[in-house]
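*Asks:* Below is one structure. I have some questions about it.
The numbers here are math on the coordinates, done by the rules we state, and not lab data. Keep in mind the model is a prediction, meaning the values are calculated, not measured. Cβ placement follows ideal geometry from the backbone for every residue including glycine, while neighbour counts extend to all protein chains displayed.
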Amino acid sequence: MTIPADNERRHDQNQYLTFVLGRETFALGILSIKEILEYSAPTEIPMMPAFIRGVVNLRGAAVPVVDLSARFGRPSTPVTKKTCVVIIETTVAEESHIIGVVVDAVNEVLEIPDTEIEPAPGFGASIRADFIQGMGKVRGKFVIILDVNRVLCIDEMEMLTQAATGDAVPSAA
Amino acid sequence: MTDTALPTFIAESRELLAEMEVALLECEQGNAGPEAVNAIFRAAHTIKGSSGLFGLDGIVAFTHVVESVLDRVRAAALPMDRALAAILLECRDHIERLVGVVADGKADDGDLIAAGERLLQKLNMHTGGSSASAANTDVVATAAYAAAPGERWHISVMFHTEVLRNGMDPLSFIRYLSTLGEITHLQLNTERLPSPEDFDAEACYLGFEIELASQEGRQRIEGAFEFVREDCTLQIRSKAQAAYEATAGREAETRDARSARDIKSADNRSLRVDGDKLDKLIDLIGELVTAGAATTITARKAGLSELNESTLRLARLVEEVRDQALKLRMVQIGPTFSRFQRVVRDVAREIGKEIRLEIGGAETELDKTLIESITDPLTHLVRNAIDHGIETADVRRARGKGAEGVVRLEAYHDSGSVVIEVADDGGGLKRERILAKAIERGLITDGSSLTDSQVFALIFEPGFSTAEQVTNLSGRGVGMDVVKRNVNALRGTVELDSKEGEGTTVRIRLPLTLAIIDGFLVGVGGSSFVIPLELVEECVELGDEHRSTDGEQRYINLRGAVLPFIRLREMFAIRSTAARRESIVVIRCAGQRFGIVVDELLGELQTVIKPLSRLFSRIRGIGGSTILGTGQLALILDVPSLLDLCLSSSQAPVAPRIALAD
């Protein structure tokens, strides 16, 4: 290796995977991305909120799959040939979780230098402000860089699933 | 400390301390023979010896005093009575704390040393001064240890027989050594000493094992023996190295000693294996089981009878390997139960009750991870039984019971699961008091229609406690719901039986293992579910008459008995139209029989349980997932919680809060 590891890491930190969801382009830091899978229907888990599509078999482990559109409070988009599952590793309080997210299509891996990233606007974005890590300028357009630990926050999603299971209990007046 | 042998020392010491505790408790109850005293002595002796090797002088000094007292007991110079056993128990605890300090890698702390000295004084007062002198010399020795700086060396020197004839005096070398540092320990090696007939007065038969604390380097120490270099076998090792070799040797040695003394039966040979390695093996076997199932399916499709046969043979072997591998993780529950002797003794003393712990089914085996996770809930239940269950001696006598209360721990296997019971012969639960409390807490509105078991189930609700006084031990109402939650997390259930005035029994039912189950695969719509096979009694077809009255009548007549059923499609809100035919899987679980209506019966399979993400931790009715031979995922039904879900929703009008609570 001729490139010092430190440099390489910095280089990685500015790399983002862009993908399409509905009509918008989003980006995720590639360091949190483990792999990208072709979409295959996940096994549904009963009594779960809409944003949880189910679980898939990732080499012997049951990995939950989150529908990102539903997570953003939008209607789910139909599955096409380009639909993918991006496998992401999040780390919250030293506990790491592997979660898949469904996206309409993945585009490319880009380098966005820090100078080209604007802070998130207080309002006006199409998704919750705390989900946004920053606005990256790519070829004159903005892409929303997602804060993966907020979007896929286990604690928050766990609470939402409880609300859903609570509703599913019949006559729980 | 970076010593590689240290963890072995710590693990070994803890085991010995556990043995010591059991034996001491026996002594305290007055039903111990000389064997118990020997066991205690051996434990103390070995701990002292090993700590010496690591230069853990605090432990050596303390344990030495305890050991000398024990030696007198062994020689029948001192009686082993209750009071002595109680003090020795405290001493044992102190050694455990000392070992704990070493394990945490902390420096000796002053409080602990002071506590140790107080304990030794107490011991001396009890046993009469003679061991006091021993204690004092040891304190001096410890001080000397501390004063001698520098590295510790272990010197092993064996003088050749000719050394005296060559005009050398072995003693002078040792004298010279003491100018290089402090000789902290010296042992004579007399193994070459011949019988008196063969003894040659001019020959030297002696060797020395010397421990030296010195700032000098290896060369200077070696230099001390320069004049006898030709006439002796010399080994100089720094202490850390010596300790490592010695523990390895000691393990073999103690094993030899044990078999020689026929303390343990000869076949009691065990191997210490890293738990992670075992987990990895079990994981791999899990994969093997899944891959095997896939091969069987493919072979069946191929329709080659020879291939079919060989896959069947293979499957049988895999099954055996799996069973054996799982057995590796199985440990007896006995040691866990024995630990409660101490809990019962201490707690009973604290609150002034006379209580005896009885143990049954100590040889019952269950998965090690289960044992680890069940200890906390058990502790809670045992404390509860002592504190709330058993009455004081006066009340017991007034009720015509023996003054001594009994807490009983029992374990046994029952249809594919393990049952652990915590029973007491105390006052039992008072139905009226529980109802009053539940109404006060707003858990229910009216309890008149509830059965006893439903009433007792209320005490597992969060924030429920009927203890009139909050004691140090329990009664703050944070207990039983935590027990229930912990047990549920292990895929287990808790039941409670109680008769007022006669006692209470809490029954914990747990799966045998957390890794693999035999399952029965069923299909509903496009989804597959696995039902644990040991719960399945039979399968029957759901008649058309029950299908038309959907939503009205939720039971069938199964050979004259009422069989209530649930529809998985409705429970899980599966979006698909009902199949043309439906079947009922008849389930027996926790003493109840009920049916689960499914579309398809897909047969038996062995499955590896894959835990679901924490995301699904709140889900009810599903215990995990598994990968089918086809690579598809199927969900494993958690039947007890499914049943709970049905029961609570059918009680909803009476007890609306229960339906919501977990």
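*Asks:* With a sphere of radius 9 Å drawn around the Cβ of B:E500, what net charge do the other residues whose Cβ falls strictly inside it have (Lys, Arg +1; Asp, Glu -1)?
*Replies:* +2
*Asks:* Find how much the distance from B:R175 to B:D346 grows on full extension, using 0.36 nm per residue of separation minus their present alpha carbon separation; answer in nm with one decimal.
*Replies:* 56.4 nm
*Asks:* Would you calculate the separation in nanometres between label points at B:I297 and A:T115, each defined as 7 Å from the Cα along the Cα-to-beta-carbon direction?
*Replies:* Each label point lies 7 Å from its Cα, and together they span 5.6 nm.
*Asks:* Here's another thing I want to ask about it. How shielded is B:615-627 by partner chains, expressed as the average number of their Cβ atoms within 10 Å of its Cβ atoms?
*Replies:* If you average over the peptide's residues, the count of other-chain Cβ atoms is 6.
*Asks:* Something else: In straight Cα distance, which aspartates and glutamates are under 18 Å from B:K437, not counting same-chain residues fewer than 8 positions off?
*Replies:* The reachable aspartates and glutamates, counting only those whose Cα sits under 18 Å from B:K437, are B:D446, B:D452, B:E461, B:E468, B:D481, B:E500.
*Asks:* A further question follows. Taking the Cβ of B:A36 as the center, what net charge do the other residues with Cβ under 14 Å away carry, scoring Lys and Arg +1 and Asp and Glu -1?
*Replies:* Cβ neighbours under 14 Å give a net charge of -2.
*Asks:* Next question, about the same structure. Roughly what % of Cα-Cα distances in the stretch B:331-511 sit above 30 Å, to the whole percent?
*Replies:* Above the 30 Å cut-off, the stretch B:331-511 has 16 percent of its Cα pairs.
*Asks:* Set the Förster radius R0 to 51 Å, insert the Cβ-Cβ distance between B:S453 and A:I36 as r into 1/(1 + (r/R0)^6), and round the FRET efficiency to 0.05.
*Replies:* Computed FRET efficiency for B:S453 and A:I36: 0.45.
*Asks:* Moving on to the next point. Would you mind counting up the charge near B:V418? Only other residues with Cβ under 10 Å from its Cβ, with Lys and Arg at +1 and Asp and Glu at -1.
*Replies:* -2
*Asks:* Listed here are the pairs A:K81/A:K141; B:K277/B:K368; B:K368/B:K484; A:K34/A:K81; B:K401/B:K484; which of them are more than 24 Å apart at the Cα?
*Replies:* With Cα atoms farther than 24 Å apart: A:K81/A:K141; B:K401/B:K484.
*Asks:* Right, here's the next one. Order of B:169-182, A:98-111 by packing, highest average Cβ count within 10 Å first?
*Replies:* By packing density, highest mean first, the sequence is A:98-111, B:169-182.
*Asks:* Could you rank the peptides B:305-314, A:38-47 by their average count of other C-beta atoms within 10 Å per residue, with the highest value first?
*Replies:* A:38-47, B:305-314
*Asks:* Please average, across the residues of A:55-64, the number of beta carbons from any other chain that are within 10 Å of each residue's own beta carbon, and give a whole number.
*Replies:* 6
*Asks:* Show me the GluC sites (Glu not before Pro) within the stretch A:62-107 that DSSP assigns to loop and that have at most 11 other Cβ atoms within 10 Å of their Cβ.
*Replies:* A:E94
*Asks:* Based on a Kirkwood Rh over C-alpha pairs, give the Stokes-Einstein translational diffusion coefficient of the stretch A:77-151 at 20 °C and viscosity 1.002 mPa s in µm²/s.
*Replies:* 151
*Asks:* Right, next: Going by average Cβ density within 10 Å per residue, which order do the peptides B:595-608, A:136-149 take, highest to lowest?
*Replies:* In descending order of packing, they fall as B:595-608, A:136-149.
*Asks:* Find, among the trypsin sites (Lys or Arg not before Pro) in the stretch A:20-71, those assigned to loop by DSSP (not H, G, I, E, B) with at most 11 other beta-carbon atoms within 10 angstrom.
*Replies:* A:R23, A:R59
*Asks:* Set the Förster radius R0 to 45 Å, insert the Cβ-Cβ distance between B:A75 and B:D276 as r into 1/(1 + (r/R0)^6), and round the FRET efficiency to 0.05.
*Replies:* The value I calculate is 0.45.
*Asks:* Let me ask another. Within 10 Å of each Cβ of A:34-45, how many other protein chain Cβ atoms are there on average?
*Replies:* What the average comes to for A:34-45 is 3.
*Asks:* A further question follows. Give me Rg/Rg_expected for the stretch B:24-114, where Rg uses Cα atoms only and Rg_expected = 2.2 N^0.38 Å with N residues.
*Replies:* The stretch B:24-114 yields a ratio of 1.11.
*Asks:* Using a simple charge model, +1 on the beta-carbon of Lys and Arg, -1 on the beta-carbon of Asp and Glu, nothing else, what dipole does the stretch B:12-108 show about its Cα centre, in debye to the nearest 20?
*Replies:* With only Lys, Arg, Asp and Glu charged at Cβ, the dipole is about 200 debye.
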